[in-house]
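J.: Structure incoming, see below.
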Amino acid sequence: MIITKQKEFSSLIKSISEGPIFIIGCNECATLCHTGGEEEVLSMKKTLEEKNIKVTGWVILEPACNLQKDKLLLRNHKDNIGKAKKILVLACGNGAQTVGEIIGDIDVIPGCDTLFLGEVKHANDFEKRCALCGECIQDIFDSFCPVARCPKSMLNGPCGGVKNGKCEISSDIDCIWDIIYKDLKKKGQLYRLKEIQKPKDWSKSIQTRRTI
Amino acid sequence: MVNISNLEKILSENKFAVTAEIGPPKGSNPNKIKTKADFLRGYADAFNVTDNQTAVVRLSSWGGCFILLEMKLEPIMQITCRDKNRIALQSDVLGATANGIKNILFITGDHQSFGNHPGAKGVYDLDSIQLIQVVNDMSGQGIFQNGEKIIAGKPEVFIGAAANPFSDPFDFTIDRLEKKINAGADFIQTQSVFNLDKFNLWMDEIRSRGLDTKIHILAGITPLKSVKMAERMKFFVPGVDIPDNIYDRIKNSSNPQNEGYNISLELINEVKKIKGVHGLHITALFWEDIIPDLVKESGLFPRP
């Protein structure tokens with residue numbers, strides 16, 4: 001899932017500056033991480049109205065990253081969108097761009113910061129799992145990905161900064177190499193880490209379009 | 001066999017080596033390096049010039065190394081993986097060796113979030129082990145990382161690497177050292193030793209795997225100059241292990257600087273006795289002028 005975080009309202013209000021506004025949310029990732037579901041869209045509407053910013057309407061796309069479905073759904077809101085000076089999108093960076101592609105003549109403001117592709121650990125608790133590197137190599141590391149989960153993307157073991165299983169950059173981050181090591185130790189497969197992993201082919205990560 | 005560098009010569013002759021770190025300045029004034037280097041001349045076999053350590057912008061390692069070369073001192077250039085991709089890393093190795101740099105130490109590098117430009121984008125195209133292997137292939141097989149042949153002169157490099165005996169998981173630090181050896185590292189400079197018990201355990205394991213015969217290990221020594229420095233290193237610098245007894249000695253001393261010096265001398269004398277330790281690497285942060293005394297008093301002067 002794409003994990004997002006709503007921008008601080010103080011910075012959002014600077015981009016909005018004046019209404020009227022039409023608000024767009026998303027029924028998938030942004031709903032699950034409580035940044036752009038119906039509840040958050042309605043709450044944003046209320047907050048804006050309290051600041052005397054008119055909201056002409058709102059819609060939850062299904063999902064915001066689907067261009068053709070968005071076109072159909074947004075057609076039903078044409079009038080209210082037309083009355084707005086700006087469109088506020090509470091979805092990921094992809095959602096905001098897809099909306100921008102459809103609504104060419106009104107400014108689109110991203111209401112969220114897109115953080116990472118991650119897992120829902122518990123309700124309201126998300127953790128990065130994938131760096132979208134274009135060539136999955138996690139089989140080498142027993143289904144853990146150091147490319148995404150080590151801040152230095154180290155492929156041959158941890159750096160010297162790990163202490164008590166925590167990453168040197170923050171004690172909130174579990175060192176993925178500590179996890180990989182303990183997992184393979186438990187399985188009696190530490191030999192898997194002896195081989196030197198060659199430099200990764202980062203060219204796999206520069207693809208920007210795929211057509212089937 | 002012709003030795004690549006003075007450091008290699010000393011280590012290959014099984015003499016106890018001493019290297020010292022010269023931290024480059026936050027600015028372009030070459031005299032900052034020249035003054036330190038002049039003071040340290042004769043007290044170490046080669047001098048590390050760090051590469052933007054703790055991700056703080058300083059005069060570059062190769063820039064500092066060239067100043068040392070002009071002064072007829074032997075540098076150990078440092079290259080971190082944090083700031084450059086494989087194109088720039090290989091290019092720097094060629095440029096450095098072309099200008100007479102013979103020892104290069106390769107490290108992954110402190111994360112950019114520690115430094116004075118925390119908004120910088122880290123590169124980490126390669127990790128230190130991969131970079132060591134790339135450079136070893138450049139100097140050995142004469143090929144670039146992509147497999148292409150180097151057509152105008154293979155770089156000859158005495159390859160250095162770092163190891164931290166005090167990080168976790170303990171066994172994995174030794175596995176990683178073994179990987180560095182297999183990748184082609186010739187010498188290791190360890191994280192500063194304060195926790196002698198743990199360092200001894202680490203060296204025991206190194207010897208039991210026979211690794212001390214495959215690589216030259218230089219134990220890190222850092223004199224603690226003040227209570228503030230001890231605190232900073234104990235609590236904030238990643239990878240450093242200062243045990244409470246050492247911290248308490250500094251903290252409770254009426255002369256912390258003197259106590260810090262004495263602790264270093266004791267550590268040097270202990271480390272020298274450990275089988276498999278082939279030398280010292282002295283990092284006297286903001287206290288380089290203490291190095292001559294340390295080297296003299298521990299019986300390591302004159303240098304070979």
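Rule-based calculations on the coordinates, nothing more; no lab input. Remember, predicted model here, so these are calculated numbers, not experimental data. We place every Cβ from the backbone using ideal geometry, glycine too, and count neighbours over all the protein chains shown.
J.: Just tell me which aspartates and glutamates come within less than 18 Å, Cα to Cα, of B:Lys272; anything on the same chain fewer than 8 places away is out.
T.: Within the straight-line limit of under 18 Å, B:Lys272 reaches these aspartates and glutamates: B:Glu13, B:Asp45, B:Asp197, B:Asp204, B:Glu205, B:Asp212, B:Asp293, B:Glu297.
J.: Could you bin all the Cα-Cα distances of region A:134-204 into 10 Å bins starting at 0 and give me the percent of pairs in each, rounded to whole numbers?
T.: 20, 54, 25, 1
J.: Give the percent of DSSP beta bridges with both residues in region A:58-184 that are antiparallel, rounded to the nearest 5. Working shown, then result.
T.: Values: 8 of 12 bridges.
Looking only at bridges with both residues in region A:58-184, the antiparallel portion is about 65 percent.
J.: How far is helix A:38-50 tilted, in degrees, relative to the longest principal axis of the Cα atoms in chain A, given as a value from 0 to 90 rounded to the nearest 10?
T.: The answer is roughly 50 degrees.
J.: Another question about this same structure. Tell me, what ³J(HN,Hα) does each residue in region B:297-304 have, in order and in whole Hz, if you take phi through Karplus 6.51 cos²θ - 1.76 cosθ + 1.60 with θ = phi - 60° and put x for Gly and Pro?
T.: Going residue by residue, I get 5, 8, x, 9, 10, x, 6, x Hz, with x marking Gly and Pro.
J.: Something else: Could you estimate the translational diffusion coefficient of chain A from the Stokes-Einstein equation, with Rh from the Kirkwood formula over C-alpha pairs, at 37 °C and 0.692 mPa s, in whole µm²/s? Don't skip to the end; give the middle numbers.
T.: Working: Rh = 19.5 Å.
Answer from the Stokes-Einstein relation: 168 µm²/s.
J.: Note the per residue figure in Å³ for the convex hull of the C-alpha positions in region B:6-297. Let's see the in-between values first.
T.: Numbers: hull volume 37.5 nm³, N = 292.
Considering the Cα atoms of region B:6-297, their hull volume per residue is 128 Å³.
J.: With a sphere of radius 14 Å drawn around the Cβ of B:His278, what net charge do the other residues whose Cβ falls strictly inside it have (Lys, Arg +1; Asp, Glu -1)? Present the calculation step by step, with values, prior to reporting the outcome.
T.: On the way: positive: B:Lys9, B:Lys15, B:Arg207, B:Lys214, B:Lys272, B:Lys273, B:Lys275; negative: B:Glu8, B:Glu13, B:Asp45, B:Asp186, B:Asp212.
So the environment of B:His278 carries a net charge of +2.
J.: Mind checking the mean number of beta-carbon atoms from other chains within 10 Å of the Cβ atoms in A:200-209? Let's see the in-between values first.
T.: Working: counts 4, 0, 3, 0, 0, 0, 0, 0, 0, 0.
Taking the mean over all residues of the peptide, I get 1.
J.: Over all directions, average the projected area of the Cα convex hull of the protein assembly as shown and note it in nm². Write out the running numbers ahead of the final one.
T.: Numbers: hull surface 118.3 nm².
If you wrap the Cα atoms of the protein assembly as shown in a convex hull and average its projections, you get 29.6 nm².
J.: Amide H to amide H under 5 Å from B:Leu224: which residues, 5+ apart in sequence or cross-chain, H placed 1.01 Å off N in plane?
T.: B:Ser264
J.: Now a separate question. Considering the alpha-carbon set of region B:14-59 alone, what are its Rg and its Dmax in angstrom?
T.: 12.0, 38
J.: Also: For B:172-179, what's the mean count of beta carbons from other chains sitting within 10 Å of each residue's beta carbon? All intermediate terms of the calculation are to be shown ahead of the outcome.
T.: Working: counts 11, 4, 0, 7, 8, 1, 1, 7.
The shielding value for this peptide is 5.
J.: Further question on the same structure: Give me the one-decimal nm value for the distance between modelled label points at A:Asp125 and A:His34, 7 Å along each residue's Cα-to-Cβ direction.
T.: A separation of 1.4 nm, rounded to one decimal place.
J.: Run the helix sum for chain B: -39,500 (n - 2.57) per DSSP H stretch of 4+ residues, divided by residue count, reported at 222 nm to the nearest 500 deg cm²/dmol.
T.: Values: 11 runs with 122 residues, N = 304.
Value at 222 nm, helices only: -12000 deg cm²/dmol.
J.: Something else about it: Can you pull the one-decimal nm distance between simple spin-label points at A:Arg210 and B:Asp293, each 7 Å off the Cα toward Cβ?
T.: Calculated label separation equals 6.4 nm.
J.: Once R0 is set to 35 Å, what does the formula 1/(1 + (r/R0)^6) return for the Cβ-Cβ distance between A:Asn94 and A:Leu190, expressed as a FRET efficiency to the nearest 0.05? Working shown, then result.
T.: Numbers: r = 40 Å, r/R0 = 1.14.
That gives a FRET efficiency of 0.30.
J.: For helix B:61-70, report the angle its Cα long axis makes with the longest principal axis of the Cα atoms of chain B; keep it between 0 and 90° and round to the nearest 10°.
T.: Between helix and principal axis, roughly 90 degrees.
J.: Wrap a convex hull around the Cα atoms of region A:61-150, take a quarter of its surface area, and give that in square nanometres. Could the numbers behind the result be given before it?
T.: Working: hull surface 30.9 nm².
Over all viewing directions, region A:61-150 projects a mean Cα-hull area of 7.7 nm².
J.: Turning to a different aspect of this structure: Which net charge results when you count Lys and Arg as +1 and Asp and Glu as -1 among the other residues whose beta-carbon is under 12 Å from that of A:Lys166? The partial results should precede the final answer.
T.: Working: positive: A:Lys163; negative: A:Glu168, A:Asp172, A:Asp174, A:Asp178, B:Asp168.
Within the 12 Å Cβ shell, the charges total -4.
J.: A:Glu38: net charge of surrounding residues, Cβ under 13 Å, Lys/Arg +1, Asp/Glu -1, itself excluded? Kindly include the intermediate steps, with their values, before the conclusion.
T.: Numbers: positive: A:Lys45, A:Lys46; negative: A:Glu28, A:Glu39, A:Glu40, A:Glu62.
Neighbour charge sum, excluding A:Glu38 itself: -2.
J.: Which distance in nm do the two modelled labels at B:Ile143 and A:Asp174 give, with both placed 7 Å along the Cα-to-Cβ direction?
T.: About 3.9 nm separates the two model spin labels.
J.: What is the antiparallel percent of DSSP beta bridges lying wholly in region B:52-185, to the nearest 5?
T.: On the way: 1 of 10 bridges.
Among the beta bridges of region B:52-185, antiparallel pairing accounts for roughly 10 percent.
J.: By how many degrees, 0 to 90 and rounded to 10, does the Cα axis of helix B:31-40 deviate from the longest principal axis of chain B?
T.: 70 degrees
J.: Given R₀ = 51 Å, FRET efficiency for B:Lys214-A:Asp105 by Cβ-Cβ distance, to 0.05?
T.: Values: r = 69 Å, r/R0 = 1.35.
In this case the efficiency is close to 0.15.
J.: Please state the equivalent ellipsoid semi-axes for region A:2-115: what are the square roots of 5 times the Cα gyration tensor eigenvalues, largest first, in whole Å? Mind showing how you got there, number by number?
T.: Working: eigenvalues 66, 57, 29 Å².
So the equivalent ellipsoid measures 18, 17, 12 Å along its semi-axes.
J.: Ignore the peptide's own chain and count Cβ atoms of other chains within 10 Å of each Cβ in B:115-128; give me the average, rounded. It would help to have the intermediate numbers written out before the result.
T.: Numbers: counts 0, 0, 0, 1, 0, 0, 0, 3, 2, 7, 4, 7, 14, 6.
Going residue by residue through B:115-128 and averaging, the value is 3.
J.: Right, something else. Mind giving me the FRET efficiency for A:Leu115 and B:Asn269? R0 is 51 Å, r the Cβ-Cβ distance, nearest 0.05 is fine. Let's see the in-between values first.
T.: Details: r = 51 Å, r/R0 = 1.01.
According to the calculation, E is roughly 0.50.
J.: Kindly write out, for region A:201-212 in residue order, the coupling ³J(HN,Hα) from the Karplus curve 6.51 cos²θ - 1.76 cosθ + 1.60 (θ = phi - 60°), rounded to whole Hz, with x marking Gly and Pro.
T.: Result, rounded to whole Hz: 8, 6, 5, 5, 8, 9, 5, 10, 8, 9, 10, 9.
J.: Let me ask you something else. What is the set of long-range amide H partners of A:Leu115 at a cut-off below 5 Å, with H atoms built 1.01 Å from backbone N?
T.: A:Ile3, A:Thr4, A:Lys5
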